[in-house]
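Since every read-out is calculated from the coordinates, none of them should be taken as a lab result. The structure displayed is predicted, hence computed values, not measured ones. No Cβ is skipped: glycine too gets one built from the backbone with ideal geometry, and neighbour counts run over all protein chains shown.
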Amino acid sequence: MTTKQLNLSMEEKTAKHPCYSYEAHHKYARLHLPVAPKCNISCNYCNRKFDCVNESRPGVTSEILTPEKALERFCLVRERLGNLSVVGIAGPGDALANWSETQKTLKLIREEDENITFCLSTNGLVLPDHVDEMREFGIDHVTVTVNCIDPRIGALIYKNVSYQGKTYSGSAGAKILIDNQLQGIKLLTEKGVLVKINTVMMEGINDDHIPEIIHEMKELGAFTSNIMPLIPVQGSVFEDHPPTSMQRITETRKKCGENMRQMTHCKQCRADAIGMLGKDCSEEFIEGRKKCSCKREAG
């Protein structure tokens, strides 16, 4: 396949994916199914125990679904939303750390609908172990969160990494994570999977490092980059860390955009998000989502 043909194929794949296409996010809806509660790394900016129904950020969900319940939700959402184009598994933990639940969910939905697009988000720690299976399930869009490619910086971001029955901390844990991310992304792109790189920008930690990350991701064949601001979360190690300014985000996106296309319409969605980006309609499908009266606003 020529480069021109490959680029055309990529454009066709993303035409109805609201996270991979700016144009698509005005037209198509996505459904996140929260079937993956466990995580195999501990990020200093994350606290999945804290949940407010009016809050929009990764790692948040009002409930955990079984694969069977996920299928029921898919059928209900598909019936009501004529523009549903993508089913994604984005936590609230890591999709691959819950591979049994993830693959059963995908199997059930694929038996129900052979045309729906599957999307999966992961930290990449066990990505190399699952690439072939992921392709068998027809997953051709994968988002990998890569916050650094330097273990010394990773030691500041990740509290610990649980891998093959052992728990690692500091640079040792970060190196295992980074090595597996790089290997997994390369395997995915070699098999024609479109890879989006999510990067949480933390000022004073990895902000100046991000252009180096994006350069490496481009070399590995990643399709697009999504540089996101840090959201200080109550109860996390970084709860008092200053939030990332949008000015810095914009400047870094512009610089990195010279090397790789940038996603600029990300809403940092919940693990149970439903509907169009920026127009979430989860309350129509999830019982109890209207009961919170706090002033926190969903993004």
Per-residue counts of other Cβ atoms within 10 Å, averaged by peptide: what ranking do you get for 149-157, 204-212, highest first? 149-157, 204-212
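Applying a 10 Å radius around every beta-carbon, put 71-81, 237-247 in order of their mean neighbour count, most first.
Working: 71-81: 16.5, 237-247: 13.5.
In decreasing order of mean packing, 71-81, 237-247 become 71-81, 237-247.
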Return the subset of LYS107/LYS159; LYS186/LYS218; LYS38/LYS104; LYS107/LYS191 for which the Cα-Cα distance in this structure is over 22 Å, preserving the input order. LYS107/LYS159
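Which of the GluC sites (Glu not before Pro) found in the range 82-151 are in a DSSP loop and have at most 15 neighbouring Cβ atoms, other than their own, within 10 Å? Intermediate values should be presented prior to the final figure.
Details: sites: GLU101, GLU111, GLU112, GLU114, GLU133, GLU136; in loops: GLU114.
Hits after loop and neighbour filter: GLU114.
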Have a look at the DSSP beta bridges in the range 153-230 and tell me what percent are antiparallel, nearest 5. 35
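Rg(Cα) of the range 70-166 divided by 2.2 N^0.38 Å? Could you put the intermediate results ahead of the total?
Working: Rg = 15.5 Å, N = 97, 2.2 N^0.38 = 12.5 Å.
So the range 70-166 has a normalised radius of gyration of 1.24.
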ASP179/ARG80 FRET efficiency (R0 30 Å; Cβ-Cβ; nearest 0.05): 0.10
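What ranking of THR145, THR167 emerges when the number of other C-beta atoms within 10 Å of each C-beta is taken as an exposure proxy, fewest first?
Details: THR145 20, THR167 12.
Listed from fewest to most nearby Cβ atoms, that is THR167, THR145.
For an R0 of 51 angstrom, estimate the FRET efficiency from the Cβ-Cβ distance between GLU258 and LYS159 and round to the nearest 0.05.
Values: r = 34 Å, r/R0 = 0.66.
Efficiency, from the Cβ-Cβ distance: 0.90.
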